[in-house]
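Enquirer: Please read through the structure below; I'll follow up with questions.
The values are calculated or read from the model by the stated rules, or taken from the named source; none is laboratory data. Everything numeric in this text was worked out from a predicted model, so none of it was measured. Don't worry about glycine lacking a Cβ; one is built from the backbone with ideal geometry, like all the others, and counts go over all protein chains shown. Heavy atoms of the whole protein, side chains included, go into the accessibility calculation; ligands, DNA and RNA do not. Shrake-Rupley method; radii C 1.70, N 1.55, O 1.52, S 1.80 Å.
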Amino acid sequence: MNILLSNDDGFTSNVWALYDALKDEGHDVIVSVPCTNQSGRGGSLVMYSSNLISAVNDAQIASKGGCHNNVARIGDPAVGQVKWYGFTFRDFHYVHGTPVLATMYGLDVLAQERWGKRPDLVLSGPNEGQNTGRIVNSSGTIGNVQFASARGIPAIALSAGFDTVDDTTLRDPDSAIVAQLTVKLLQELEAQAGGARLLPAGVSLNVNFPSAVALDSAWASSRIGSFDRYQLKFNNTPGKYGYGASLNDPSTATAAQADNESVVVFGDNKISVTAMQASFD
């Protein structure tokens with residue numbers, strides 16, 4: 001398949017591992033990710049720099065001197081190929097904007113240049129941290145998938161545990177496991193599709209991997225549901241204004257919530273697969 005791979009975290013161990021696994025499987029892959037970590041931006045449509053990368057609209061640029069994990073620096077073009085420690089990745093690109101802008105760049109520019117058409121599949125992630133329950137409304141990982149699905153393109157959101165974060169070598173072993181499991185999922189979907197489109201029109205998937213994931217981790221069909229792992233609340237402390245989060249215990253879920261993502265992932269330690277629709281209908 002021709003696959004566009006995006007995320008909301010920028011250039012990470014997870015996205016590199018998944019790229020390698022997809023290429024090994026024979027897929028043609030283009031990567032388009034945000035320049036900086038854009039978690040929680042949902043479907044926001046914002047470019048922070050319209051010409052050259054500047055710190056004016058994005059404080060992360062000032063603190064790092066450029067994009068996450070050094071893929072581009074202040075003064076580089078606002079969109080372009082990833083340059084990591086002097087090495088250019090031909091298939092990897094960054095956008096100094098929100099996640100959906102990175103996905104849009106991949107669809108409208110990179111895919112057209114490479115294939116002359118839209119990709120067969122959009123993958124978003126794997127995110128550094130699970131996106132389960134109603135917090136998905138705020139997720140940039142989910143925003144990418146909703147945008148692609150609304151355009152009629154099969155799309156899958158992928159999220160893993162924080163144990164996949166690795167900003168030193170960008171080669172975390174858990175990232176590789178998540179990548180292999182993702183390939184396995186795609187193999188199953190392709191087999192069931194039988195040559196037709198991978199997912200029904202207007203349907204996308206939200207897939208969450210538990211922490212300490214293993215190649216033999218169990219899979220479970222799930223739904224977003226009403227049980228939320230993350231309990232959000234506004235932090236009203238001066239100097240720390242913003243949101244805070246506490247964690248709900250999955251053992252307190254009701255029997256009717258047993259198939260909710262947050263219960264499946266954090267209570268049962270399984271990989272959750274949820275079907276979503278591309279709108280608020």
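Enquirer: Roughly how many debye, to the nearest 20, is the charge dipole of the range 1-140 about its Cα centre, given +1 on each Lys and Arg Cβ, -1 on each Asp and Glu Cβ, and no other charges? Don't skip to the answer; put the middle values down first.
Expert: Numbers: 10 positive and 13 negative charges, 55 e Å.
Charge dipole, the range 1-140, about its Cα centre: 260 debye, nearest 20.
Enquirer: Given H placed on each backbone N at 1.01 Å, which residues far from R73 in sequence or on other chains put an amide H within less than 5 Å of it?
Expert: Distant-sequence amide H within range of R73: C67.
Enquirer: What are the ³J(HN,Hα) values, in whole Hz, obtained from phi via the Karplus relation 6.51 cos²θ - 1.76 cosθ + 1.60 with θ = phi - 60°, for each residue of the range 16-32 in sequence order, with x given for Gly and Pro?
Expert: 5, 5, 5, 4, 4, 5, 5, 5, 4, 7, x, 7, 9, 10, 10, 10, 9
Enquirer: Which Cα, out of A201, F227, L189, lies furthest along the positive dipole direction of the range 173-230 (beta carbon charges, K/R +1, D/E -1)?
Expert: Sorting the options by dipole projection puts first A201.
Enquirer: Mind ranking F92, F266 by accessible surface for me, highest first, 1.4 Å probe?
Expert: Working: F92 0, F266 60 Å².
I get F266, F92, largest accessible area first.
Enquirer: Let me check I've understood the local charge: for R73, count other residues with C-beta under 15 angstrom from its C-beta, Lys and Arg +1, Asp and Glu -1. What total comes out?
Expert: Numbers: positive: K64, K83; negative: D58, D76.
Charge balance in the 15 Å sphere: 0.
Enquirer: Applying the Karplus parametrisation 6.51 cos²θ - 1.76 cosθ + 1.60 with θ = phi - 60° to the phi angles of the range 255-269, what ³J(HN,Hα) value in whole Hz is obtained for each residue in order, glycine and proline being reported as x?
Expert: Along the range 255-269, the couplings run 4, 5, 9, 4, 9, 6, 3, 4, 6, 4, 7, 8, x, 9, 6 Hz.
Enquirer: Sticking with this structure for a sec: Could you give the size of the charge dipole of the range 54-109 about its Cα centre, using +1 on the Cβ of each K and R and -1 on the Cβ of each D and E, expressed in debye and rounded to the nearest 20?
Expert: On the way: 4 positive and 4 negative charges, 38 e Å.
Dipole size: approximately 180 debye.
Enquirer: Given H placed on each backbone N at 1.01 Å, which residues far from V95 in sequence or on other chains put an amide H within less than 5 Å of it?
Expert: Distant-sequence amide H within range of V95: V33, C35.
Enquirer: Let me ask something else. Per residue, how much accessible surface does the range 182-257 expose to a 1.4 Å probe? Answer in Å², no decimals.
Expert: Value for the range 182-257: 60 Å² per residue.
Enquirer: Moving on. Placing +1 on the Cβ of each Lys and Arg and -1 on the Cβ of each Asp and Glu in the chain, which of T36, P119, V56 has its Cα farthest towards the positive end of the resulting dipole?
Expert: Positive-most Cα among the choices belongs to V56.
Enquirer: Would you mind computing the Rg to Rh ratio of the chain from its alpha-carbon coordinates, Kirkwood style for Rh? Present the calculation step by step, with values, prior to reporting the outcome.
Expert: On the way: Rg = 18.1 Å, Rh = 18.9 Å.
Computed over Cα atoms, the ratio is 0.96.
Enquirer: Sorted by packing (mean other beta-carbon atoms within 10 Å per residue), highest first, where do 248-258, 45-55, 4-14, 222-232 land? Present the calculation step by step, with values, prior to reporting the outcome.
Expert: Details: 248-258: 12.9, 45-55: 15.6, 4-14: 27.8, 222-232: 18.6.
Highest to lowest by the protection proxy: 4-14, 222-232, 45-55, 248-258.
Enquirer: How far apart, in nm, are the 7 Å Cα→Cβ label points at A193 and S54?
Expert: Those two pseudo-labels are separated by 4.2 nm.
Enquirer: Excluding residues fewer than 8 places away in the same chain, name every one of the aspartates and glutamates whose C-alpha is closer than 19 Å to that of K240.
Expert: K240 reaches D58.
Enquirer: Which percentage, to the nearest 5, of the DSSP beta bridges contained in the range 76-229 is antiparallel? Let's see the in-between values first.
Expert: Values: 6 of 15 bridges.
Counting only bridges with both partners in the range 76-229, antiparallel ones make up about 40 percent.
Enquirer: Now, a different point. Would you mind working out the magnitude of the charge dipole of the chain relative to its Cα centre, with +1 at each Lys and Arg C-beta and -1 at each Asp and Glu C-beta, to the nearest 20 Debye?
Expert: Values: 19 positive and 27 negative charges, 135 e Å.
Dipole size: approximately 660 debye.
Enquirer: Round to the nearest 0.05 the FRET efficiency obtained for F89 and T168 when R0 = 25 Å and r is the Cβ-Cβ distance. Display every interim value, and only then the final one.
Expert: Values: r = 18 Å, r/R0 = 0.72.
Computed FRET efficiency for F89 and T168: 0.85.
Enquirer: Going Cα to Cα from K23, which lysines come in below 29 Å? Please leave out same-chain ones fewer than 8 positions away.
Expert: Straight-distance partners of K23: K83, K117, K184, K270.
Enquirer: Something else now. So what is the relative contact order of the chain, in percent, for Cα pairs below 8 Å that sit 6 or more residues apart?
Expert: Working: 667 pairs, mean separation 54.6, N = 281.
Reported as a whole number, the value is 19 percent.
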